[in-house]
Every structure is written in structure tokens, then in C-alpha cells.
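Q: Have a look at this one before I ask anything.
The values are calculated or read from the model by the stated rules, or taken from the named source; none is laboratory data. Model, not experiment: these values are computed from the prediction. Don't worry about glycine lacking a Cβ; one is built from the backbone with ideal geometry, like all the others, and counts go over all protein chains shown. What goes into the accessible areas is simple: the full protein's heavy atoms, side chains included, and nothing from ligands, DNA or RNA. Shrake-Rupley method; radii C 1.70, N 1.55, O 1.52, S 1.80 Å.
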Amino acid sequence: MTNHRYIYSFKYDIHNRELCKLESRQIFDEEEKNNLLFSDIKVDPSISPFIKNRFEIISSSADYSMLLKKVKEENIRVDGFKAEYMVLDGDSTIYTERLSKLKDIGYCIEGDPDYITPLITYSICNYKNTWYFGVLKKHNTDWFKHKKKPCSFSSSINMDIAKALVSIASKGNKANRLLDACCGVGTVMLEACISEFDIEGCDINWKACKYTRENLAHYNYAASVYRSDIKDINNKYDAAIIDLPYNLYTSSNDTINFNIIESASKLATRIVIVSTSDIKTLINKSELKISDFCSVEKKGKKFSRNIWVCERI
């Protein structure tokens, strides 16, 4: 039996496995295992592309009858609730039995249920022969609407990576102020805005800034976008995200990349960098320390992006 406050469940495909584990290490200081993580750290599951649910534990017991007794002792009185069974890895409880247990939970709560638009969702689950009862917060998929953003570049990172970059850079803390350096068409900024992060963007390319502003305006997001070389930015941030240029719409070479990284390191103490090549030498030259790393393959193509999590020395 665990003494942790929360159970997080995860969902990801094989291409994003290492990215999910990197994100988990950065937010929770430990990796998810078997799509599951027990933690005392509270984060909104919707900031991550991989966190499916957050289960806040109220009661637990190895004995199911004892769990029901504990739930009744909570004296929960609320209208507009719903009860759901959360299936975790290794739980062999059959469907009909899960339905029966949901009824048990429902009878322990005083109030009128709402199965369509519940105000709160209570849940029950079983893991390693222990029963848990708690409040379930699900991942909100509203961010999927960004698939239809009006402006895009062929080289833009996908939404999963963009969303993960925001959660990695911020460590899941919405109080942190972020900079999207080399913002492109604003893919990262869109994911930050929908999760209510404070973010600004900059790009030296006028077309990139134009497209970013159009994408933000399309979804009614308010965030500043500067058409500027990053070295001319004077604001300070808790973290910066850099998707280095691909030498397509904006010129790129080691000198340019070094100048971008070095300039960003003066604006933020924490930098998350995306590259298509090994830039370890450039990072070290910029007096940054690499604290974590992963490589993400692009689906269906022999192409990968490297993600470097760095801290100012």
C-alpha cells in the first residue's frame, strides 16, 4: 500500500516512449513505469500529451469491504457526481464486476448523480491487491483543435512534442514564465497558452512572427511575439524553449546556433533545446550543464529530434 497522494496514468506510442519518460523525470523526479506513477506532486494532467488521468487518493485498503466502510465514513454529500472505474495495469477485474463496484461506490455517496456533465468524478481502482478510492481528473483533449491551425511550416514540430516541451521546461509549474525562442509558427506557444502558461515568443524571421500571431489570434490567445534577434531581448524568464532553425526558412549553422543558445542562457536559467544534430559541444561552450536528454523519432521516417534539458552553470 502506498502513502502517496496521487496516481497518474499515462498513454503514449512507441515513438514517444523516451519523451514521456523524460517528461516524467522532469515533472515528478522519477520515471513512469508500466504507464503508471504514484506521486505527491500535483499537476494538471492536461499540460502533458501523455498523462491520461490524475487520481487523487482519498481512501485505500487491501480489503474491499473495508474500503467501502472508509468511503461511507467520509460522509460525502454532493449533487452532480459521477463514479468511474479506472483500470490500471495488472487489474484483471472483469467488466460486470467493475460495474457492480461502481454501484457500491455510488450508494456510499449521498446526492444526485450526473452521468453526462458531472461536476466531480469519483473513482475506484485496484493496483497490486490494494483498492483505492478518490477523485479522478481526466486529460482535457481541447488542444487537439490546434491540428487545424491556419498557418504551418513543413518542418514544424508536432503537437505532442510541443506540449511536452512546455511541461518539461516549466516542470509542470504554471507560475513559471516561459520564452519560445525561434518560435516558428507558434506550435509551442499554442500548447502553452491553452494550458494557461505565461509565455512570450520571438523569431528573427518576419514570416514566422506573422504566422505565429495569426495562429494565436485564431484561437483568441493573448501572448507577445517579438520580431527580434534573441540577443536583443531584454526580458527575464524562468525557462526558455529553443527549436533550433533547420536551415529551411531561417539560416542555420553552428555559429548561429551557438549565438542563439548563448543568448537564451542569459535570459533564463533553464533551457530546453530541440536539435536534429549533436550540439553537445555548443551547449558546453555556452556554459550550460546538460541535466537530461532524449531522442524522439518521427513517425514513418528515419528522422529524429534530440531534446536537451540544460541548466545555467
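Q: Pick out the one residue from 164, 169 that is open to solvent by less than 60 Å² (accessible area, probe 1.4 Å), within 29 Å of residue 298 (Cα to Cα), in contact with an Asp or Glu (Cβ under 7 Å, 6 or more places away or on another chain) and not β-branched (Val, Ile, Thr).
A: Of 164, 169, the one residue that is open to solvent by less than 60 Å² (accessible area, probe 1.4 Å), within 29 Å of residue 298 (Cα to Cα), in contact with an Asp or Glu (Cβ under 7 Å, 6 or more places away or on another chain) and not β-branched (Val, Ile, Thr) is 164.
Q: Among all residue pairs at least 6 apart or on different chains, which show Cβ distances below 6 Å where the first residue, located in region 82-107, is under 19 Å from residue 121 (Cβ atoms) and the second is open to solvent by 70 Å² or more (accessible area, probe 1.4 Å)?
A: Taking only residues 6 or more apart or on different chains, the pairs are 82/115.
Q: Related question: What single numbered condition from (1) at pLDDT 95 or above; (2) in contact with a Ser or Thr (Cβ under 9 Å, 6 or more places away or on another chain); (3) surrounded by 14 or more Cβ atoms within 10 Å (Cβ to Cβ) fails to hold for residue 29?
A: If we test residue 29 against (1) at pLDDT 95 or above; (2) in contact with a Ser or Thr (Cβ under 9 Å, 6 or more places away or on another chain); (3) surrounded by 14 or more Cβ atoms within 10 Å (Cβ to Cβ), just (3) comes out false.
Q: Among the residues of region 3-42, count how many are more than 23 Å from residue 272 (Cβ to Cβ), touching a His at 6+ places or on another chain (Cβ under 9 Å) and in a loop (DSSP other than H, G, I, E, B).
A: 1
Q: Taking the criterion of being touching a Gly at 6+ places or on another chain (Cβ under 6 Å) and either surrounded by 14 or more Cβ atoms within 10 Å (Cβ to Cβ) or part of a helix (DSSP H, G or I) (or both), would at least one residue in region 101-109 satisfy it?
A: Scanning region 101-109, I find no residue that is touching a Gly at 6+ places or on another chain (Cβ under 6 Å) and either surrounded by 14 or more Cβ atoms within 10 Å (Cβ to Cβ) or part of a helix (DSSP H, G or I) (or both), so the answer is no.
Q: Also, I was wondering about something else. Quick check on my filter: what residues within region 189-199 are touching a strand residue (DSSP E or B) at 6+ places or on another chain (Cβ under 9 Å) and either hydroxyl-bearing (Ser, Thr, Tyr) or open to solvent by 10 Å² or more (accessible area, probe 1.4 Å) (or both)?
A: 193, 197, 198
Q: Oh, and also: Residue check, residue 142 against (1) open to solvent by 50 Å² or more (accessible area, probe 1.4 Å); (2) closer than 17 Å to residue 55 by Cβ; (3) part of a helix (DSSP H, G or I), all met but one. Which one?
A: For residue 142, the exception is condition (2).
Q: Scan region 172-182 residue by residue and report those that are open to solvent by 10 Å² or more (accessible area, probe 1.4 Å) and at pLDDT 95 or above.
A: Result: 172, 173, 174, 175, 176, 177.
Q: Could I ask something else about it? Considering (1) open to solvent by 30 Å² or more (accessible area, probe 1.4 Å); (2) farther than 16 Å from residue 47 by Cα; (3) modelled with pLDDT under 95, say which one residue 155 fails and leave the rest.
A: (1)
Q: Restricting attention to region 32-53, report how many residues are open to solvent by 10 Å² or more (accessible area, probe 1.4 Å) and either touching a Pro at 6+ places or on another chain (Cβ under 8 Å) or of a type in the set (Ser, Thr, Tyr) (or both).
A: 3
Q: Residues being in a strand (DSSP E or B) and aromatic (Phe, Trp, Tyr): count how many of those fall in region 43-85.
A: Number of matching residues: 3.
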